[in-house]
């Protein structure tokens, strides 16, 4: 009878222990990945209360303290706020390799041969600038040079180019971000 009582008490202890512990699924606050844990429901409630207190910002001048009942009764999920930082040029170019920028339109000509001649003339004068021939206006061809992010960055080169090409103008065009000045 004593052994039977000991076995019954041990079994009841294991059964009670298993019924008290529950599977709790929470989402990771940073990546949103679901996390599965085994814990007592009371422990889960205590942790949720602590998390709620951490997620609430203190309102200055309101006279409320951190451990007031109003703050602990909230059941909001904690949110992590990551401040937006200004992106570097390399990060912008990684996200968008082609951006809307500017090019210098040197001339609009009627044939591909004329466009190549204008391009060669320009390359002799400005060997460090890239020339592009755009045939989207067929039968006309646009000869364009350089790649720029803004109209302010195009101004110094445009002044130099205008000494050779009087009709040169800045035009908005898709440019490769890494090539643009």
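The values are calculated or read from the model by the stated rules, or taken from the named source; none is laboratory data. Here the structure is a predicted model, which means the values were calculated and not measured. No Cβ is skipped: glycine too gets one built from the backbone with ideal geometry, and neighbour counts run over all protein chains shown.
Odds and ends about this structure:
So that you can scan it fast, the table gives a plain yes or no per residue for (1) at pLDDT 50 or above; (2) outside the structural domain of residue 148 (by TED's automatic domain parsing); (3) surrounded by 15 or more Cβ atoms within 10 Å (Cβ to Cβ):
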site: 57; (1), (2), (3): yes, yes, no
site: 77; (1), (2), (3): yes, yes, no
site: 95; (1), (2), (3): yes, no, no
site: 100; (1), (2), (3): yes, no, no
site: 104; (1), (2), (3): yes, no, yes
site: 113; (1), (2), (3): yes, no, no
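- Selection of the range 93-126 for residues being assigned to a loop (DSSP other than H, G, I, E, B) and closer than 18 Å to residue 159 by Cβ yields only 126.
- Residue under evaluation residue 117, criteria (1) over 24 Å from residue 180 (Cα atoms); (2) modelled with pLDDT under 90, criterion not met: (2)
- Scanning the range 131-152 for residues that are surrounded by fewer than 16 Cβ atoms within 10 Å (Cβ to Cβ) and either out of contact with any strand residue (DSSP E or B) (no Cβ under 7 Å at 6 or more places or on another chain) or assigned to a loop (DSSP other than H, G, I, E, B) (or both) yields 135, 136, 137, 138, 139, 140, 150, 152.
- Near pairs, Cβ below 6 angstrom, 6+ apart or cross-chain, from the range 1-23 (assigned by TED's automatic domain parsing to the domain that holds residue 39 and modelled with pLDDT under 75) to any residue that is surrounded by 10 or more Cβ atoms within 10 Å (Cβ to Cβ) and in a helix (DSSP H, G or I): 22/41
- Checking residue 155 against (1) touching a helix residue (DSSP H, G or I) at 6+ places or on another chain (Cβ under 7 Å); (2) in a helix (DSSP H, G or I), the condition it does not meet: (1)
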